[in-house]
Amino acid sequence: MKQFRNYIDGRFVESDHRFNDINPVDGSVIAQIHEADRAAVDSAIAAGRRAVDSTWGKTSASERAAMLYRVADEIERRFDEFLEAEINDTGKPVTMASVIDIPRGAANFRVFADVLKTASQESFRTDLPGGAHAINYTVRKPIGVVGIISPWNLPLLLLTWKVAPALACGNSVVCKPSEETPGTATLLAEVMHAVGMPAGAFNLVHGFGPDSAGEFISTSPDIDAITFTGESRTGSAIMRSAAAHVKPISFELGGKNAAIIFADCDFEKTVDGMMRAIYLNSGQVCLCAERVFVERSLYESFVAALSGRVRAIALGWPNDKATGMGPLISAEHRDKVLAYYALARGEGAEVLVGGGVPSFGDARDAGFWVEPTVIAGLPDSARCNIEEIFGPICHVSPFDTEAEVIRRANDTRYGLAATIWTTNVNRAHRVSQAMKVGLAWVNSWFLRDLRTPFGGNGLSGIGREGGLHSLNFYSELTNVCIRIDEDAT
Ligand code: NAD
Ligand code: 6OD
């Protein structure tokens, strides 16, 4: 049986306490995961401190950038192993993992190496009375040992999105991937080892959240900053732990994202785009649109086209190129999504497509599948329109005016993303700027330039990462102010 070990201070470390890694396609056991106890997490944090104080934290920016390029190259050299591990852990189609998850895992290291090399320092001249002046400049320093806690939906992509900028700034990291998806994180540790990352700069600990490695990281007084991607409720628990030691936090949390489709949209492109925006990764992307508003004159034809496409989604084996959608991540998450399917009916929704569990007549029947689903007819106040479901489902409803749809789209405690479909350029700017979200896409969705700010408002998170925003979170700035007098002495 394959073993996923912890990686601490440059060595792979076993644990006596192990749990199973499950393939969600058919419920089979893929590997055993070695759960890190508190002592193991503490030793990872101590190793991280030594690396910041005496090795990695003392390297120059160009040395760090060169190392990050080597990491990217090595991920690409082992592309097929990463692909297999990601698919085994998540069941996502190879057509997705091979163009999004794994390439982006490597790209994160290249992009943050480039951002680091091109980042400039702030400098201000301050004129003083009597002719003297002062020069101010900022010095960027590592913040220390960064705790990284990541989710299961885009495992390598979302882990490296934090690891790369944290290492770029000279920090060490102690990362904990989701207990559901330890595979690519363990391969990343092998990559770090192979490229010669100094011991202790990159540490990996496996385990769960409460009373396990996640909590041991977030409650440790020796972690200097925490960056977390996951559910809003978990973010709230981690925030309480971080508050005890007044630690910087960066949170990318849940969403209840709106899509707004105007009658003047390019119809075919909009239907294609919305299929991605709702069903990519079985709807398990924080940016997915679960609330779809369609201008009334287009409503019937849009819903008919969307429903037809959803009925045709092929639920298949991940390595089959015809597969359009995979399973959900776990039995627990499948049960949560099915509970929302039942709630939708209970709230009086009309189920236009799906709403059940598919039957395959083969090993997949032991996996964690649900049907892709479209519902309609609920008020905006229904729980299914308020709470994040994180599955392959959307609610469609008509709207009449631009002002009405802006108000309804913004009527949520989340504030992550919106996608707007129109060919009217004035409306595109007006509506996208009116959205109370961190990310507004027009005629597109999940189109990412990694230098741009990423994050959300309200229950969707705290802070922005991406490009320089990441460098600012992962570093301490010292302003140096030098007074220069006119006399020569
Ligand atoms: P989750 O919050 O259950 O778990 C995320 C990570 O936190 C896991 O590694 C888990 O072990 C750990 N964890 C859980 N409880 C903890 C605790 N008390 N202390 C410390 N660590 C703890 O989230 P998930 O189910 O893995 O991911 C799905 C959620 O993540 C959805 O809500 C989704 O919207 C959100 N998400 C947000 C973004 C974003 O960028 N905004 C991206 C991806 C996923
Ligand atoms: O693309 C990104 O940078 C990012 N953080 C994506 C998050 C997706 C959420 O599921």
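General observations
- The set of residues in region 153-197 being of a type in the set (A, V, I, L, M, F, W, C) and touching a Pro at 6+ places or on another chain (Cβ under 8 Å) consists of Leu158, Leu159, Cys169, Ala185.
- Total residues in region 208-218, condition among the small types (Gly, Ala, Ser) and more than 7 Å from ligand 1 (Cβ to nearest atom): 2
- Taken over region 242-267, the criterion of being crowded, with 18+ Cβ neighbours inside 10 Å and either assigned to a loop (DSSP other than H, G, I, E, B) or within 7 Å of ligand 1 (Cβ to nearest atom) (or both) is satisfied by Lys247, Glu252, Leu253, Gly254, Gly255, Lys256, Phe262, Cys265.
- Leu477 open to solvent by 50 Å² or more (accessible area, probe 1.4 Å), within 16 Å of ligand 2 (Cβ to nearest atom), on the phi < 0 side of the Ramachandran plot and of a type in the set (A, V, I, L, M): no
- Of the strands (runs of 3 or more DSSP E) lying entirely inside region 1-48, those containing at least 2 residues that are touching a Phe, Trp or Tyr at 6+ places or on another chain (Cβ under 8 Å) are 6-8, 29-34.
- The listed residues are Asn385, Asn424, Asn443, and the only one of them that is open to solvent by less than 20 Å² (accessible area, probe 1.4 Å), of a type in the set (S, T, N, Q) and away from ligand 2 (no atom under 16 Å from the Cβ) turns out to be Asn385.
- Here region 219-241 is the region considered, the condition is being among the charged types (D, E, K, R) and within 8 Å of ligand 1 (Cβ to nearest atom), and the residue that is most open to solvent (accessible area, probe 1.4 Å) is Arg233.
- Among the residues making up region 407-465, those that are hydrophobic (A, V, I, L, M, F, W, C) and in a strand (DSSP E or B) are Ala417, Ala418, Ile420, Trp421, Leu439, Ala440, Trp441, Val442, Phe454, Ile462.
- Of all residues assigned to region 354-363, at least one qualifies as being more than 29 Å from the chain's Cα centre (by Cα), in contact (Cβ under 8 Å) with a residue 60 or more places away in the chain and assigned to a helix (DSSP H, G or I).
- Some residue of region 47-70 being among the charged types (D, E, K, R), in contact with a His (Cβ under 8 Å, 6 or more places away or on another chain) and over 22 Å from Thr219 (Cβ atoms): no
- Residue within region 202-212 that is within 16 Å of ligand 2 (Cβ to nearest atom) and in contact (Cβ under 8 Å) with a residue 12 or more places away in the chain present: no
- Residues in region 20-54 that are of a type in the set (S, T, N, Q) and open to solvent by 60 Å² or more (accessible area, probe 1.4 Å): Asn20, Ser54.
The values are calculated or read from the model by the stated rules, or taken from the named source; none is laboratory data. Computed from a predicted structure; not experimentally measured. Using ideal geometry, Cβ is built from the backbone for each residue, glycine included, and neighbour counts are taken over all protein chains shown. Note: accessible area is taken over every heavy atom of the protein model, side chains too, but ligands, DNA and RNA are not part of it. Shrake-Rupley method; radii C 1.70, N 1.55, O 1.52, S 1.80 Å.
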